[in-house]
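Have a look at the structure below before the remarks.
The values are calculated or read from the model by the stated rules, or taken from the named source; none is laboratory data. Since the structure is predicted, the reported quantities are computational estimates derived from the model, not experimental observations. Neighbour counts are summed over all protein chains in view; Cβ atoms, including those assigned to glycine, are modelled from backbone coordinates with ideal geometry.
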Amino acid sequence: MPAALNPAGDVFGGWIMSMVDIAGAVPATRQARSRVATVAVDSFVFKQPVSVGDVVSFYAQIVHVGTTSVTVDVEVFARRHPENPVVVKVTEAKLTYVAIDEFRAKHPIRAA
């Protein structure tokens, strides 16, 4: 949407970051079997801009489960040029989430 674009017509990095956080939280929540909170952005690399018309896909994979935390790698790909489609990796990130209870206190993650 226009509010998510910079003057050059590319998507703001902050919008991509928020979508990466949501994508990473999905498998973290599933693993924790509870709510999770983002506690660290361990790495975040913008490889290419995302432009108007790109179809963006987010892929998240758990890479580590600790006592109370889950670390997730997220890769972002853009499909562009519908007349001659090409898919490119635009972003990669690693985030750590902590499992939290109804009082927002961290809690141990049960074995799957």
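Determine whether region 21-32 contains at least one residue that is modelled with pLDDT of 95 or more, touching a Lys or Arg at 6+ places or on another chain (Cβ under 7 Å), surrounded by 12 or more Cβ atoms within 10 Å (Cβ to Cβ) and aliphatic (A, V, I, L, M). No, there is no match, as no residue in region 21-32 is modelled with pLDDT of 95 or more, touching a Lys or Arg at 6+ places or on another chain (Cβ under 7 Å), surrounded by 12 or more Cβ atoms within 10 Å (Cβ to Cβ) and aliphatic (A, V, I, L, M). Can you find even one residue in region 62-70 that is surrounded by 12 or more Cβ atoms within 10 Å (Cβ to Cβ), within 28 Å of ALA3 (Cβ to Cβ) and at pLDDT 95 or above? Scanning region 62-70, I find no residue that is surrounded by 12 or more Cβ atoms within 10 Å (Cβ to Cβ), within 28 Å of ALA3 (Cβ to Cβ) and at pLDDT 95 or above, so the answer is no.
Could you list, in sequence order, the residues of region 1-55 that are outside any helix (DSSP H, G or I) and among the aromatic types (Phe, Trp, Tyr)?
First pass over region 1-55, keeping only residues outside any helix (DSSP H, G or I): 1, 5-12, 33-55.
PHE12, PHE44, PHE46, listed by residue number.
Has region 43-63 got any residue that is touching a strand residue (DSSP E or B) at 6+ places or on another chain (Cβ under 6 Å) and in contact (Cβ under 8 Å) with a residue 60 or more places away in the chain? No, region 43-63 contains no residue that is touching a strand residue (DSSP E or B) at 6+ places or on another chain (Cβ under 6 Å) and in contact (Cβ under 8 Å) with a residue 60 or more places away in the chain.
Among all positions in region 79-90, there is no residue which is of a type outside the set (Val, Ile, Thr) and crowded, with 20+ Cβ neighbours inside 10 Å. Taking the criterion of being more than 24 Å from PRO2 (Cβ to Cβ), free of Cβ contacts under 8 Å to residues at least 24 places away in the same chain and acidic (Asp, Glu), the only residue of region 74-101 that qualifies is GLU75.
Residues of region 79-112 that are within 19 Å of VAL20 (Cα to Cα) and touching a Lys or Arg at 6+ places or on another chain (Cβ under 8 Å): VAL87, VAL88, LYS89, VAL90, THR91, GLU92, VAL98, ALA99.
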